[in-house]
Amino acid sequence: MARMIFPDGKELKDLPAIQNRLARLNITLRHWPAPADERAKALMKQKSLNDAEKEELLGFVQNRFEQLKREMGYQTRDMVVIHEDIPNLGDMLAKFDKIHTHSDDEVRYILDGQGYFGFVEPDGKQFLLEVSGGDYINVPANTEHWFEMRGCTRCKAVRYFIDTSGWTPNYTGREREFAETTVTT
Ligand SMILES: [Fe+2]
């Protein structure tokens with residue numbers, strides 16, 4: 001379940017309260033429980049997945065993709081698997097841990113593990129949103145945000161796209177407020 005964290009260390013854990021705060025930025029957060037099927041659970045617990053295993057796991061959440069196609073017009077999806085033994089993991093994550101925007105929505109359904117989105121509010125204040133298994137998030141195009149892993153090393157998430165070419169980060173140059181020590185993972 002999602003957790004909202006502020007620079008002074010205060011936290012918000014109540015889902016409706018988090019959803020209301022995110023709604024100011026037109027961000028949608030839903031709780032979609034991760035699949036409970038034993039095979040799906042086994043795949044989610046693996047450190048890495050080959051292409052066939054990714055497709056198999058995507059099959060367990062195909063109903064979500066069908067819903068998003070109908071409601072939002074998303075066209076494609078894939079699965080990203082982050083773990084501690086990915087070569088050049090630091091370089092990969094460094095593309096997204098600086099404040100940026102992009103011209104397509106950033107839509108993620110976290111199945112396992114966790115990660116942190118950071119957001120900038122209209123008054124310039126920032127907060128972190130910890131997402132973990134069962135969290136679906138839609139960050140609209142042109143929202144100032146970043147993504148980081150902090151102390152965690154693993155995350156499996158479905159990514160949904162209208163057009164993958166719109167998902168290149170445009171860095172805004174704004175500095176993150178959060179010190180590495182702000183969050184206890
Ligand atoms: Fe992004």
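The values are calculated or read from the model by the stated rules, or taken from the named source; none is laboratory data. Only a predicted model underlies this, so the values are computations on that prediction, with no experimental measurement involved. Glycine gets a Cβ as well: all are built from the backbone with ideal geometry, and neighbour counts include every protein chain shown. What goes into the accessible areas is simple: the full protein's heavy atoms, side chains included, and nothing from ligands, DNA or RNA. Shrake-Rupley method; radii C 1.70, N 1.55, O 1.52, S 1.80 Å.
For the chain, what class follows from the C-alpha gyration tensor (a ≥ b ≥ c being the square roots of its eigenvalues): rounded when a/c is under 1.5, otherwise prolate if a/b is larger than b/c, else oblate?
Taking the square roots of the gyration eigenvalues as a ≥ b ≥ c, the chain is rounded.
How many angstrom lie between the Cα centre of the stretch 87-147 and the Cα centre of the stretch 12-74?
15
Quick check: from the Cα gyration tensor, does the stretch 14-99 come out rounded (a/c under 1.5), prolate or oblate?
Oblate.
Show me 28-38, 104-114, 144-154 ranked by packing, highest mean number of other Cβ atoms within 10 Å first.
104-114, 144-154, 28-38
Any idea of the accessible area per residue across the stretch 3-171, 1.4 Å probe, to the nearest Å²?
46
Within the stretch 37-185, what whole-number % of the accessible surface is contributed by carbon and sulfur, with the 1.4 Å probe and all protein chains included in the calculation?
47
Could you state the angle between the C-alpha long axis of helix 51-60 and the longest principal axis of the C-alpha atoms of the chain, as a value from 0 to 90 degrees rounded to the nearest 10?
Orientation of helix 51-60: about 80 degrees from the principal axis.
Rounded if a/c is under 1.5, else prolate if a/b is larger than b/c, else oblate: which is the stretch 49-152, with a ≥ b ≥ c the root eigenvalues of its Cα gyration tensor?
Because a/c hits 1.5 or more and a/b fails to exceed b/c, the stretch 49-152 counts as oblate.
Could you pull out the pairs from LYS95/LYS156; LYS10/LYS156; LYS10/LYS125; LYS41/LYS98; LYS69/LYS95; LYS47/LYS125 whose alpha carbons sit more than 24 Å apart here?
Correct reply: LYS10/LYS156; LYS41/LYS98; LYS69/LYS95; LYS47/LYS125.
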